[in-house]
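I have placed the structure first, in the form of structure tokens, so that the comments after it can refer back to it.
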Amino acid sequence: MQDSTVFENGVKRELEFEDNAIIKELYGQQNTNLKEVENLYGVKIHSRGGKLSFEGEDVEVQSAHKLLKEIYALIEKGYTLNPGDLELASRIVEENDIKLEDIFLDTICVSTRKRIIAPKSLTQKLYIESIRKHDIVFGVGPAGTGKTYLAMAMAVSAFVNKEVNRIILTRPAVEAGEKLGFLPGDLSQKVDPYLRPLLDALFDMLDYDKASRLLEKGAIEVAPLAFMRGRTLNDAFVVLDEAQNTTSMQMKMFLTRLGFSSKAVITGDTTQVDLASDEKSGLLEAEKLIKNINGISFVYFSKHDVVRHPLVRKIIEAYENFS
């Protein structure tokens with residue numbers, strides 16, 4: 001890859017690539033990736049073979065130049081571009097003095113099919129590193145930031161690599177654990193709607209038949225939080241989702257279940273507490289009581305870490321401004 005720095009009044013820069021196969025993926029079908037970068041930075045990009053010419057405001061031209069140069073390096077090392085990667089990568093390039101490959105190539109192997117999941121923001125990378133280093137990690141932030149998905153990916157990876165003997169996925173079934181009786185069906189049918197998001201993520205990471213067998217054997221357990229009472233969870237990777245809807249007693253009960261050779265990741269959004277007004281959120285209380293205990297880590301996500309549709313970030317921002 002040849003990188004020239006030719007300026008005309010600070011508004012033009014050129015970049016030349018050599019590998020045609022990488023160039024094809026970098027540019028996208030009918031140059032769709034280049035057009036997206038143009039829209040992201042408000043610049044004009046002209047392509048001729050492997051040579052790109054950028055025109056626009058100096059800062060934007062430099063950012064677009066840096067983004068495509070680093071994306072090329074990612075593809076060169078085997079990374080496959082996914083929808084939304086350019087927009088996510090542009091945030092990292094703009095906001096952090098860190099190379100994209102340090103984040104996008106910090107991969108998690110989550111199944112025997114070698115399905116690869118990687119962080120898409122600096123906070124996600126810090127989150128993964130915290131899970132590797134600590135036995136109890138809290139991931140706190142808005143919807144769409146990958147808190148639960150990455151926690152489950154780390155759980156599956158630990159199980160596949162025989163670091164733990166089982167995975168336990170749990171969440172509070174309802175606001176205060178009082179309303180299951182009003183739902184139709186047996187206990188399994190009552191709690192299924194609350195646990196379904198965890199199952200969906202699990203089946204996204206593991207082959208359906210393999211995941212089903214592991215669930216039947218009990219190697220992977222998906223259960224309401226109430227089912228954790230009285231247990232000691234050894235050699236397990238435990239994920240507690242929607243932790244903002246735990247009561248004080250439920251959170252204490254959960255945190256004291258952890259046994260030897262186990263990890264726990266607790267995720268939640270403190271702006272989405274559904275408990276009754278007279279109930280204190282266990283997540284908010286834990287944040288005050290145990291945040292400074294050595295071996296426990298709190299990682300905070302923001303709207304900048306949203307990895308869903310770009311509109312989700314704008315919706316979160318609108319609600320934040322309103323609040």
Here are K99, K77, K120: which of them is under 27 Å from M152 (Cα atoms), in contact (Cβ under 8 Å) with a residue 12 or more places away in the chain and surrounded by fewer than 14 Cβ atoms within 10 Å (Cβ to Cβ)? K77
Could you tell me whether the range 140-160 includes any residue that is part of a strand (DSSP E or B) and open to solvent by 20 Å² or more (accessible area, probe 1.4 Å)? no
Do the conditions hold for F54, that is, is it modelled with pLDDT of 90 or more and not in a helix (DSSP H, G or I)? yes
Sole exception among (1) in contact (Cβ under 8 Å) with a residue 40 or more places away in the chain; (2) open to solvent by less than 50 Å² (accessible area, probe 1.4 Å); (3) more than 21 Å from the chain's Cα centre (by Cα) for S248, by number: (1)
Given (1) over 16 Å from the mean Cα position of the chain (by Cα); (2) open to solvent by 60 Å² or more (accessible area, probe 1.4 Å), index of the condition L283 fails: (2)
Here the residues within the range 118-139 that are in a loop (DSSP other than H, G, I, E, B) and either hydroxyl-bearing (S, T, Y) or at pLDDT 95 or above (or both) are S121, H134, D135
Starting from the range 137-154, keep only residues that are at negative phi and basic (K, R), then list their pairs with residues that are at pLDDT 95 or above and open to solvent by less than 20 Å² (accessible area, probe 1.4 Å) whose Cβ atoms are within a distance under 6 Å, requiring at least 6 positions of separation or different chains. K147/G139; K147/T267
Just give me the residues in the range 226-285 being assigned to a loop (DSSP other than H, G, I, E, B) and polar (S, T, N, Q), in sequence order. T232, N234, T246, T256, S261, S262, T270, T271, Q272, S277
Would you be able to tell me the number of residues in the range 57-74 that are in a helix (DSSP H, G or I), open to solvent by 40 Å² or more (accessible area, probe 1.4 Å) and either farther than 27 Å from I116 by Cβ or hydroxyl-bearing (S, T, Y) (or both)? 4
Scanning the range 77-117 residue by residue, the ones that are at pLDDT 85 or above, closer than 23 Å to Q29 by Cβ and of a type outside the set (V, I, T) total 12
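The values are calculated or read from the model by the stated rules, or taken from the named source; none is laboratory data. As the structure is a computational prediction, the values presented were derived from the model and not from experiment. With ideal geometry, Cβ positions are generated from the backbone for all residues, glycine too; neighbour counts draw on all protein chains shown. We work out accessible area using only protein heavy atoms, side chains counted, and drop any ligands, DNA or RNA first. Shrake-Rupley method; radii C 1.70, N 1.55, O 1.52, S 1.80 Å.
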